[in-house]
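The values are calculated or read from the model by the stated rules, or taken from the named source; none is laboratory data. For clarity, every value in this text was computed on a predicted model and none was experimentally measured. Note: ideal-geometry Cβ built from the backbone for every residue, glycine included; neighbour counts use all protein chains shown. Keep in mind that these areas ignore ligands, DNA and RNA; they rest on the heavy atoms of the full protein, side chains included. Shrake-Rupley method; radii C 1.70, N 1.55, O 1.52, S 1.80 Å.
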Amino acid sequence: AGVAGGVFAVGVLVASFMGAEFIPRLDEGALAIQAWRLPSVALSESVKSTTVIEKTLKRFPEVTTVVSRTGRAEIATDPMGVETSDIYVILKPQEEWKTAKTREGLIAVFDKALKSEVPGNIFSYSQPIELRMQELIAGVRSDVAVTLYGEDLDLLRNKADEIVRVVSGVRGSADVKAEQTGGLPYLRIAIRRDQIARYGINARDVLDAVETIGGKEAGQVLEGQKRFALQVRFDPQSREDINRISNIKVADPRGRLIPLSQLADIKTEEGPVQISRSNIHRRISVESNVRGRDLAGFVKEAEEAVAAKVSLPPGYWIEWGGQFQNLQQATTRLAIVVPLTMFLIFVLLYTAFNAVKPAVLIFLNVPMAATGGIFALALRGMPFSISAGVGFIAVSGVAVMNGVVLLTHIVELRRQGLGTREATERGTLEKMRAMIMAPLVAGLGFLPMALSSSAGAEVQRPLATVVIGGLVTSTFLTLLVLPAIYRWFEERRTEVEI
């Protein structure tokens, strides 16, 4: 019992240092690269930049195909501006890679080459399916999203830049960027009230001329029951040149044509690209991918760094989302489901033996099995994930079954008149073969999953690793510890009766 307690204590200590993630990252055999440019960039320049990106990536021997998409599609299910491009990179099988042996190493080489060949772009690296799933489920295209809420757009942008600098210094951060909310050029035309009063021109007349730059409805066209708006606007040459816009004429009451530049102040300035809102509040997002470490550990360290180095005024607050939010939600659900399941198991054990002590004894197999799963994950360098959590539930059932088999047999021998010592020794020896064979068969069945490297194996490996490790510790500790504790309980009960 002391050995079991020590093993469990070490397991708890190891678990406290283990990281956690939502689900293991699948290897899709392709990369999805996102490129961001200045919001004021023209579509032609975005296409030129994307072409250079494609040529740069095609130089690597690991790349078979590069496909890019700039802006949004005709059906705007994925809204993006022309300053954003998605580049899909189809890779050869990993055993044929020459530039790097791991996906992280290949991304590092790609990033270095792209930043050298295509300056002025911000790059983010993911996988095609993973990218879309993150956007659909979490609303962002990265592993972690830091959402800052407030009202002042300039203050939000400044604080977001501070968060970017802080998060970039956390180990494991990659592709850290803030949402682009500014930098779009605007043409601002402000009417000069003194000037229009001097010429006797109404402000409405000036605004009508300004509205005609983009298009003003002048009437309707009827085709049967259908009605179409008839719109007039200046030709493209007049709309694109600020000097021509300044020379747009507005008639005064005497019929004189006054240039727009004499009636209004015309200037270009930068304004917001977009204003994002959530829960009736303005917000800005800072996104980051995580490489080389677990998600939960990264977020914990990043939260502490942001809280210590970024001060927020009253009315501003931060929320952490992305895959980390999914992990939190799944962990919350497991915190409810697992204790409820264990309670039901305990009730069934109590019903089977009509006593509390046998049920408690058998229930001790659950932490024994969990300890083995924790050690197995730690030995393979795997963080805790939802698939590993499923493995813990599965191995707990096998451990409880072994305990029921052994204790039922010992109790039956006691009813036949054998003493406590003889019943425990004989019962353990007689059930040893069955208790070893059942976990052995299950462990051998999970072994291919634990060693698999095919598509989807990233999700299977943690589950199989937990089950195999848990079966090893629960089997040996059940054969050694359970009889000893049962014998101790029985001897104490006998002493109390005497």
- Query: So which of Ser168, Ser124 is within 25 Å of Ala30 (Cα to Cα) and either open to solvent by 20 Å² or more (accessible area, probe 1.4 Å) or within 17 Å of the chain's Cα centre (by Cα) (or both)?
  - Reply: Ser124
- Query: Out of the residues in segment 226-273 that are in contact with an Asp or Glu (Cβ under 8 Å, 6 or more places away or on another chain) and open to solvent by 80 Å² or more (accessible area, probe 1.4 Å), which is nearest to Tyr186 (Cα to Cα)?
  - Reply: Gln231
- Query: Hey, among the residues in segment 455-498 that are modelled with pLDDT of 70 or more and among the polar types (S, T, N, Q), which one's farthest from Ala442 (Cα to Cα)?
  - Reply: Thr478
- Note on the structure: Selection from segment 276-304 of residues at negative phi, touching a helix residue (DSSP H, G or I) at 6+ places or on another chain (Cβ under 7 Å) and open to solvent by 20 Å² or more (accessible area, probe 1.4 Å) yields Arg282, Arg291, Ala296
- Among what's in segment 181-225 and is within 30 Å of Arg277 (Cβ to Cβ) and acidic (Asp, Glu), pick the residue that is surrounded by the fewest Cβ atoms within 10 Å (Cβ to Cβ). Glu217
- Query: Just to be sure, is Ser40 at pLDDT below 80, touching a Gly at 6+ places or on another chain (Cβ under 7 Å) and either open to solvent by 30 Å² or more (accessible area, probe 1.4 Å) or not small (Gly, Ala, Ser) (or both)?
  - Reply: yes
- Task: Select from segment 287-296 the residues that are more than 10 Å from Arg171 (Cα to Cα) and of a type outside the set (D, E, K, R) and list them in ascending order.
- Result: Ser288, Asn289, Leu295, Ala296
- For Ala113: the one exception among (1) hydrophobic (A, V, I, L, M, F, W, C); (2) in contact with a strand residue (DSSP E or B) (Cβ under 7 Å, 6 or more places away or on another chain); (3) open to solvent by 10 Å² or more (accessible area, probe 1.4 Å): (2)
- May I ask you to verify whether Ser453 is touching a residue at least 24 places away in the same chain (Cβ under 8 Å) and under 41 Å from the mean Cα position of the chain (by Cα)? no
